[in-house]
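For reference, the structure discussed in these notes is given below.
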Amino acid sequence: MSDQPQTWHYGLVARWWAEFNTAEAEELAFYQGIIESNGQPALDLACGTGRLLLPLLRVGLDVDGCDISPDMLALCREKAAQEGLEPELYQQTMHALDLPRAYRTIYICDSFGIGATREQDLEALRRCYRQLAPGGVLVLNYYPSYGDAEYWPFWLLDRRQELPEAWPESDVRKRAADGDEIALSSRLFDLDPREQRHTLQIRTRLWRGDELIQEEEGTLDNNLYFPQELRLLLRIAGFSDIDEREAYTNQPLTSDTSPPVIIARKGTPANAVPPL
């Protein structure tokens, strides 16, 4: 795998994110509460087109954004300018994170483990630790594979013979602000249980009336993490006081199928936990 994480968040996919991906009310309230209780400034790592970043700026929070995709960041700037907002945005990979100020809160929403190697994921956690002020928190969510009824069966050898899946018979098609229609479909291409990684493919099409103007395909590898493994990586990266909550209720995790949110705190010099 390349040193540069491979993602599909460019071109038509970036435009789809900008046009149609919006924050859910409970999700936004959760991150706003996390920032207000743990402190500012905050960093939206893998901010994309500003799905969470822009609403948090609207309510007056001090939040910067960082993303690997220049297409995503350009659309984020464009949307921000339309509202009179001027966020600090940086184009960097997670594992090369190196920004000019320390943060009290860093959050990674729906993006940890995407497109990178496991070594790069660990380095990303180390970089987050370094980028935080003492006592600051890293907040990230993840989706345990055993909770995904659609993909979990493909960990078994006989079901993996069915991969790649066929493309869906119909695309999800939505009308953009300028009247164009963007169609999107995805499928599971491969799953490697030894590497704990699955590969997805996405296909986007741009329609103007009945005419197909543009078509793009992309591939995305996702590293799959089990809870104990992810907690161990966070400890190796230097974090202490690692807690899990149900997304996005801020309640203690009670179900092994609920998508968890991890809140990991950077220890002060007096109580920091040394790496294993």
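Kindly establish whether Gly113 is touching a residue at least 40 places away in the same chain (Cβ under 8 Å), crowded, with 22+ Cβ neighbours inside 10 Å, touching a strand residue (DSSP E or B) at 6+ places or on another chain (Cβ under 6 Å) and not charged (D, E, K, R). So Gly113 fits the description; yes.
Against the definition (of a type in the set (Ser, Thr, Tyr) and modelled with pLDDT of 95 or more), how does Thr7 come out, yes or no?
Values: of a type in the set (Ser, Thr, Tyr): yes; modelled with pLDDT of 95 or more: no.
Here the answer is no, as Thr7 does not meet what is asked.
Counting the residues of segment 51-71 that are in contact (Cβ under 8 Å) with a residue 24 or more places away in the chain and of a type in the set (Gly, Ala, Ser) gives 2. Being among the charged types (D, E, K, R), in contact with a helix residue (DSSP H, G or I) (Cβ under 9 Å, 6 or more places away or on another chain) and within 17 Å of Ile242 (Cβ to Cβ) narrows it down to one of Arg101, Arg118, Arg160, Arg126, so name that one. Only one candidate qualifies: Arg126. Meeting the requirement of 1 or more residues that are without any contact (Cβ under 8 Å) to a residue 60 or more places away in the chain and touching an Asp or Glu at 6+ places or on another chain (Cβ under 6 Å), the strands (runs of 3 or more DSSP E) wholly within segment 163-271 are 172-175, 181-192, 197-208. With respect to the conditions (1) touching a Ser or Thr at 6+ places or on another chain (Cβ under 8 Å); (2) surrounded by fewer than 17 Cβ atoms within 10 Å (Cβ to Cβ); (3) at pLDDT 95 or above; (4) of a type outside the set (Lys, Arg), Pro193 falls short on a single one, namely (1).
As a summary of the residue check, Glu150 satisfies the conditions (1) part of a helix (DSSP H, G or I); (2) more than 19 Å from the chain's Cα centre (by Cα) except for the one numbered (1). Taken together, Arg77, Arg104 contain a single residue that is in contact (Cβ under 8 Å) with a residue 24 or more places away in the chain, over 16 Å from the mean Cα position of the chain (by Cα) and outside any loop (DSSP other than H, G, I, E, B), which is Arg104.
Close contacts from segment 34-50, counting a first residue that is more than 8 Å from Gly65 (Cα to Cα) and a second that is buried (at least 18 other Cβ atoms within 10 Å of the Cβ) and β-branched (Val, Ile, Thr), with Cβ to Cβ under 6 Å and a gap of 6+ residues or different chains, come to Ile34/Val139; Ile35/Thr105; Asn38/Thr105; Asn38/Val137; Ala42/Ile35; Ala42/Val63; Ala42/Thr105.
The values are calculated or read from the model by the stated rules, or taken from the named source; none is laboratory data. Please read all numbers here as calculations on a predicted model, not as lab measurements. No Cβ is skipped: glycine too gets one built from the backbone with ideal geometry, and neighbour counts run over all protein chains shown.
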